[in-house]
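Every number here is computed from the coordinates shown, using simple stated rules; none is lab data. Here the structure is a predicted model, which means the values were calculated and not measured. Every residue, glycine among them, receives a Cβ derived from its backbone with ideal geometry; neighbour counts consider all protein chains shown.
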Amino acid sequence: MDHEKVNILLVDDQPAKLLAYEVILKDLGENLVIASSGREALEVLLKTEIAVILVDVCMPELDGFELAAMIREHPRFQKTAMIFISAIQVSDIDRLRGYEMGAVDYVPVPVVPEVLRAKIKVFAELYRKTRELERLNQELEDRVRARTAELENSTAKLRESEQRRSMAIAAGKMGSWDWDWISGDWMWDEGQYRIFGVNPESFEVNPANVQALLHPDDVDQLRKAIAEFNKGARAYETEFRIIRPDGEVRWCVGTAAATVDDSSRVVRVSGVTVDITERKRAEERQNLLAREVDHRAKNALALAQSIVRLTRADEVKAYVNAVEGRINALARVHTILSLSSWQGAELSKLIDEELAPYSLGDQIVLAGPEVQLLPATAQTLALALHELFTNSAKYGALSTRSGRLTIGWQVEDQLLTLSWEESGGPLVMTPKSRGFGTRSLLASVESQLGGQAQFDWRAEGLLCRLQVPLTRKTATTTATGKFEDASSAELQRASG
C-alpha cells in the first residue's frame, strides 16, 4: 500500500555503522537521512521534519545522551521518537538516564537487523498515523469552524431578518398570528395585541374572545373564512372592523393561509393583520373632498351659466364686458378660497381683489376689522361688491377723479354690517327700475345669506348698507342628501 514516506535520522560518528544501518533499513522504503555528529544532527533537525532518530550513545564531543537532552529542549522535538544504539553493556542506571534524556528504546550491539527494522517500522508507522490523525483533526476543526461560522452568520442574518420584520410590522401597523386548527390554540405576536388594543398579559387568545372584539357587522367574515378553509380553500383575505376595549373602531385587512397534512386536511392556519384605519379615513376624506369639489364645480358652472343667460346689454361689447366682469369676480373669489383650502376668505382681501383693476389711488378709504367669511358668504359678497364697484365705475363716484368712496364694516353679535358711501361724483338720481346687478345683489344677500340690502340714492352719491349674518348656513340639503347652493336659483328670481 502506498504511503507517504517519513524521514529517519541516523546519527553515528563511524561511516561503517551508518552504512550498515542504511542497508538494514533500506527495505522499509523510508527516507534515510545521515548525520556523522551530534551538531550535524541538530542542523538536520532544524531543516527537516524527522519521524525517528537512531543515535549512537558513544560519540566524541557530543554523546548520545547530551544530544537527546538538547533535542528535547526544543518544542518541536519534544515528542520525536529516539532510539539509542549502545556498543557497551548498558546498566539499569544508564537506561534510566537515557529514558530521562528522551529515549524511547535501546538497541544493543551487535544489532539484529530484524529487531532494528521492526522497532524503526513501529515508530515510523506511529509517526505517520499521528500525523494523519493531526491532519484529520485539523480538517475536522476547520470544518467545525466553517460550520460554526456559517451557523453564526445564518443566526445573525435570521436575527437581522427578525429585527427588520419586527420593525416593518411596527412601522406598518402589522401583526401576525397562528391558529392550530386541531387543538384550537392561538398564538399572537406583539403587533397583533397592539392592533386589537389588548394587554398580552391579561388577554386570553381564544375564538370567543377574538370574536368579541370583532364589529358585530363583520363577525360573519370569520365564519365565512372558517367555512372556506373547511371546503378546501388554501388562502383567504378580507377587510373587517374591530372594536377595541376602549370603544375605538379600527379597520383591518386580514390575510390567512392554511397548512394541510398528507390527507389534505387543514392542520394550521397562519396569517397577517394590517391596520388600515388611516387609509380608510384618508379614502373617506378623499371621497368627501371629491363630492365637495364636484358640488363646488357644479355650483360655479351654474352661477356662470346664470350670469351668461341673465345679463342684459344693448350692445354685444357691453354684454361681453358685463359677463366677463362677473365671471372674473367669481374666479377671483374662487382663487382666494382655494388658497385657504376652502376654509374661508377675508373680507378685506375680497375688496382688494375688486379694487385691483381700477388703480384709483386715494379715491377710496377702507375701514374695518379683519373678518373671516365662510366660503358661500364670500362668494355672494364678492359678486355683490363687484356689482357695486362696476356701477360706481360707470355711473357713480369712481367714474370721475373727484369722486370719493368710503367702505366701512363692523361685526356685532355675528352680524356683519358693511356701508358703501359715495360722494363727489356725478349727480345721482333714483333709478326708475332696478337693473340685473341691483336685483341679483338684493336677491343673493337677502334670500341666500338671510341678510338685508338697503339703497339710498342721495344726490351727492349712493349710500348702500349690507347686513349679513356670519353664522347662517348658506347651503340647503335636498332629500337625496346632496348639497344644493341657492345662488343660481336666486339669480333666476332676480331676473324676474
* Asked: For a paramagnetic label modelled at 7 Å from the Cα of THR471 toward its Cβ, which residues of segment 386-421 fall within the zone defined by backbone nitrogen distances under 15 Å?
  -> 411-416
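Give LYS17/LYS79; LYS5/LYS47; LYS47/LYS129; LYS17/LYS129; LYS173/LYS224 a once-over and call out the pairs whose C-alpha atoms are over 19 Å from each other. Intermediate results must be reported in sequence, preceding the final value.
Details: LYS17/LYS79 26 Å; LYS5/LYS47 17 Å; LYS47/LYS129 22 Å; LYS17/LYS129 29 Å; LYS173/LYS224 25 Å.
As for pairs spanning more than 19 Å Cα to Cα, those are LYS17/LYS79; LYS47/LYS129; LYS17/LYS129; LYS173/LYS224.
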* Structure fact -> In whole Hz, the Karplus estimates of ³J(HN,Hα) for segment 235-244 (6.51, -1.76, 1.60; θ = phi - 60°; x where Gly or Pro) are 8, 7, 9, 7, 9, 8, 10, 10, 10, 5
* Scan around THR238 for amide H atoms under 5 Å from its own, H built in the peptide plane at 1.01 Å from N, and keep only partners 5 or more places away or cross-chain. => GLY254
* Structure fact -> Counting only backbone N atoms under 16 Å from a point 7 Å out along Cα-to-Cβ of ARG117, the residues of segment 8-24 in range are 20-24
* Asked: Among 51-58, 75-82, how do they line up from the highest to the lowest mean number of other beta-carbon atoms within 10 Å?
  -> 51-58, 75-82
* Structure fact -> Rounded to whole angstrom, the alpha-carbon centroid of segment 1-57 lies from that of segment 402-429 at a distance of 130
* What are the ³J(HN,Hα) values, in whole Hz, obtained from phi via the Karplus relation 6.51 cos²θ - 1.76 cosθ + 1.60 with θ = phi - 60°, for each residue of segment 111-125 in sequence order, with x given for Gly and Pro? -> 7, 8, x, 4, 5, 5, 4, 4, 5, 5, 4, 4, 6, 5, 5
* trypsin sites (Lys or Arg not before Pro) within segment 1-60: which are DSSP loop residues with at most 15 other Cβ atoms inside 10 Å? -> LYS5
* By average Cβ neighbour count within 10 Å, what is the ranking of 132-139, 244-251, 120-127 from highest down? -> 120-127, 244-251, 132-139
* Structure fact -> Rounded to 0.05, the calculated FRET efficiency for the beta carbons of THR255 and ASN137 at R₀ = 60 Å is 0.70
* Structure fact -> Residue by residue through segment 416-432, the couplings from Karplus 6.51 cos²θ - 1.76 cosθ + 1.60 with θ = phi - 60°, in Hz, x for Gly and Pro, are 8, 10, 10, 10, 10, 10, 9, 7, x, x, x, 4, 9, 10, 5, x, 6
* To do: With a Förster radius of 35 Å, plug the Cβ-Cβ distance of ARG291 and GLU201 into 1/(1 + (r/R0)^6) and report the FRET value to the nearest 0.05.
  => 0.15
